[in-house]
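Notes follow once the structure below has been shown.
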């Protein structure tokens, strides 16, 4: 295994990644080409093909944590679970061949299979929960219709938007991408993105995705009020049953705009989806409350695999 052969992700790699994702449908939100491409520069993602798998790695993944688990060293390799038929076996090989390594965003089923492997114990590996990166999974019909008392507040905000504004919903096309960019830039000014590294990085990732809309092929929508973009969102099918929402932004001057863009996208896009994955909350309190308000039916649990220090 020669990690030195790993190369940066480019738009020309989309067909390769799509082939793997179609053959091995993902459940975690990280595993779409759009997501990997838009964040590739911030996390310095690299990849290589190895024994029928794609291995994703970075030497610079933990931007907000100064050091790996159980180590003071910054000279570490960070990987995502390999994409392919036997990710647990490849993970064991990674730990056998690389001294300083962690594997992030690992689903529970892979952790379970790893613990059944004798080498898991021999290598002194440990699989720990990464709660801040668990995905929120919803029943699409429930969050679309917002029926019942548990959705009373969400329904109230949605109705306020519909009553107060003369709005126009549009599916995302090359013709209205610029309106989304205008809102994103304005949103970032209002939120002082230049003073927050994570928001500034998100803006760069969003613009990267929007600039490559046609090549990436994701779906989305925007709401205009008086020809001004009040909210926009985009995502794509994660697997045959699940729509993943990558980004959702609304102007704070439009009451209920977040509820409206969520509702109108689900009504008009990816209609065959059964579930909606709205990604993680990153441990941000306000974001966690917002995601919990839509009453997820399940959390897609993710973990970090690391080597215990003896």
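The values are calculated or read from the model by the stated rules, or taken from the named source; none is laboratory data. Quick caveat: nothing in here was measured; it's all calculated off a predicted structure. Here Cβ is always computed from backbone atoms with ideal geometry, including for glycine, and neighbour counts include all displayed protein chains.
Considering region 251-310 alone, what residues qualify as being surrounded by fewer than 13 Cβ atoms within 10 Å (Cβ to Cβ), out of contact with any strand residue (DSSP E or B) (no Cβ under 6 Å at 6 or more places or on another chain) and in a loop (DSSP other than H, G, I, E, B)?
Within region 251-310, 252, 253, 271, 272, 274, 282, 283, 309, 310 meet the criteria.
Go through region 47-91 and give me each residue that's surrounded by 20 or more Cβ atoms within 10 Å (Cβ to Cβ), over 20 Å from residue 111 (Cβ atoms) and at pLDDT 95 or above.
If the condition is that a residue be surrounded by 20 or more Cβ atoms within 10 Å (Cβ to Cβ), over 20 Å from residue 111 (Cβ atoms) and at pLDDT 95 or above, then 47 is the only one that fits.
Could you tell me whether any residue of region 293-305 is at pLDDT below 95, closer than 30 Å to residue 83 by Cβ and in contact with a helix residue (DSSP H, G or I) (Cβ under 6 Å, 6 or more places away or on another chain)?
no
Out of region 114-141, which residues are over 24 Å from residue 282 (Cβ atoms) and either in contact (Cβ under 8 Å) with a residue 60 or more places away in the chain or surrounded by fewer than 16 Cβ atoms within 10 Å (Cβ to Cβ) (or both)?
Step one: filter region 114-141 for residues over 24 Å from residue 282 (Cβ atoms), giving 114-125, 141.
114, 115, 116, 117, 118, 119, 121, 122, 123, 124, 125, 141 - these are the residues of region 114-141 that are over 24 Å from residue 282 (Cβ atoms) and either in contact (Cβ under 8 Å) with a residue 60 or more places away in the chain or surrounded by fewer than 16 Cβ atoms within 10 Å (Cβ to Cβ) (or both).
Could you list, in sequence order, the residues of region 15-39 that are more than 17 Å from the chain's Cα centre (by Cα) and buried (at least 18 other Cβ atoms within 10 Å of the Cβ)? Quick ask: steps written out before the conclusion?
Step one: of region 15-39, the residues more than 17 Å from the chain's Cα centre (by Cα) are 15-16, 19-20, 22-24.
The answer is 20, and nothing else.
Can you tell me which residues in region 236-274 are modelled with pLDDT under 95 and under 18 Å from the mean Cα position of the chain (by Cα)?
Scanning region 236-274 gives a single hit, 270.
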